[in-house]
Amino acid sequence: MKIRYVTGVFLVLCSVMLMPGFAWNKTGFEGRLVDGRGNPMSGIKIVAKQVQPVNGYEHFETASGPDGTFRFRGVLPFSDYVIAPRSDSWITSSSIKTRSGPEGKMNRLDEPLMVRFILSRDGVIKDSKTGLEWAPASDREMPWNLASDYAGRLRLAGGGWRLPTRVELKNICDTSGEVCSDPLFNINGSWVWTGESTSAAVWGFDFEDGEEDKSRLGNDRDLLRVVAVRSGKV
């Protein structure tokens with residue numbers, strides 16, 4: 001009888017400890033949400049999703065505070081999570097992967113979760129680092145003269161678009177990944193046109209490796225994609 005009693009208590013205790021949030025309610029991680037200039041982003045919903053879902057621990061939500069900080073408690077120890085911001089008015093590809101520590105441990109993310117590019121409901125990409133606004137890349141390639149005309153005639157969100165400079169394109173190119181463009185731009189490692197030209201040549205930019213090259217002005221056989229830019233709206 002004594003053995004049965006001890007075994008029963010053990011089983012009950014184990015079942016309680018496996019209830020979501022019971023044993024691990026102090027286990028979690030905390031971080032800070034910032035924009036492209038490092039300024040805190042407050043009142044933004046943050047979601048943590050478990051990479052290998054375990055029932056009761058697969059999804060957590062919180063919101064960033066006035067200083068951009070956020071915290072998740074009750075996560076499963078020694079488990080991988082992807083943390084990303086969510087909004088009803090914009091989307092972003094920004095996220096960060098982290099791993100929770102042992103029971104009762106609150107881990108601090110090594111770096112802030114930065115949201116530089118957001119795609120708003122009107123289809124415009126806003127760069128919080130430079131203040132520039134971008135139109136996602138065209139689905140088709142075209143010669144430079146048509147590309148320049150395409151950008152100038154674009155009426156997305158009120159118009160005012162143009163072809164970017166090489167410096168502007170380099171500024172949104174991150175060569176640390178497989179391709180250097182954020183997925184929101186829809187460039188996917190393609191060559192795009194710049195607005196820079198001379199009396200004999202025009203420049204293109206490669207979003208696979210961040211290189212640039214020039215083409216003979218008036219050469220309609222060189223077909224590249226178009227990504228347009230404009231100054232940010234006040």
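Just a yes or no: is a residue in region 177-197 of a type in the set (S, T, N, Q), in contact with a Lys or Arg (Cβ under 8 Å, 6 or more places away or on another chain) and modelled with pLDDT under 95?
Yes, that holds for at least one residue.
When residues of region 205-220 are filtered for being in contact (Cβ under 8 Å) with a residue 60 or more places away in the chain and either part of a strand (DSSP E or B) or among the charged types (D, E, K, R) (or both), how many remain?
Initial filter on region 205-220 (in contact (Cβ under 8 Å) with a residue 60 or more places away in the chain): 215, 217-220.
Now restrict to residues that are either part of a strand (DSSP E or B) or among the charged types (D, E, K, R) (or both): 215, 220.
The number of residues fulfilling the criteria is 2.
Report whether or not E178 is free of Cβ contacts under 8 Å to residues at least 12 places away in the same chain, assigned by TED's automatic domain parsing to the domain that holds D139 and of a type outside the set (A, V, I, L, M).
Taking the combined requirement at face value, the residue satisfies it.
Determine, yes or no, whether W134 is within 26 Å of T92 (Cβ to Cβ), at pLDDT 95 or above and among the hydrophobic types (A, V, I, L, M, F, W, C).
yes
Output the residues belonging to region 77-97 that are in a strand (DSSP E or B) and polar (S, T, N, Q). Full working, then the answer.
So in region 77-97, the residues in a strand (DSSP E or B) come out as 80-86, 90-91, 96-97.
Within region 77-97, none qualify.
Can you pull out the residues in region 21-64 that are at pLDDT 50 or above and out of contact with any strand residue (DSSP E or B) (no Cβ under 9 Å at 6 or more places or on another chain)?
If the condition is that a residue be at pLDDT 50 or above and out of contact with any strand residue (DSSP E or B) (no Cβ under 9 Å at 6 or more places or on another chain), then R37, N39, V54, N55, G56 are the ones that fit.
Kindly indicate which of P102, P112 is in contact (Cβ under 8 Å) with a residue 60 or more places away in the chain and either more than 13 Å from the chain's Cα centre (by Cα) or over 21 Å from E30 (Cβ atoms) (or both). So that I can check it myself, show each step before the final result.
Details: P112 fails: either more than 13 Å from the chain's Cα centre (by Cα) or over 21 Å from E30 (Cβ atoms) (or both).
Only one candidate qualifies: P102.
The values are calculated or read from the model by the stated rules, or taken from the named source; none is laboratory data. Owing to the predicted nature of the structure, the values given are computational and were not obtained by experimental measurement. Glycine gets a Cβ as well: all are built from the backbone with ideal geometry, and neighbour counts include every protein chain shown.
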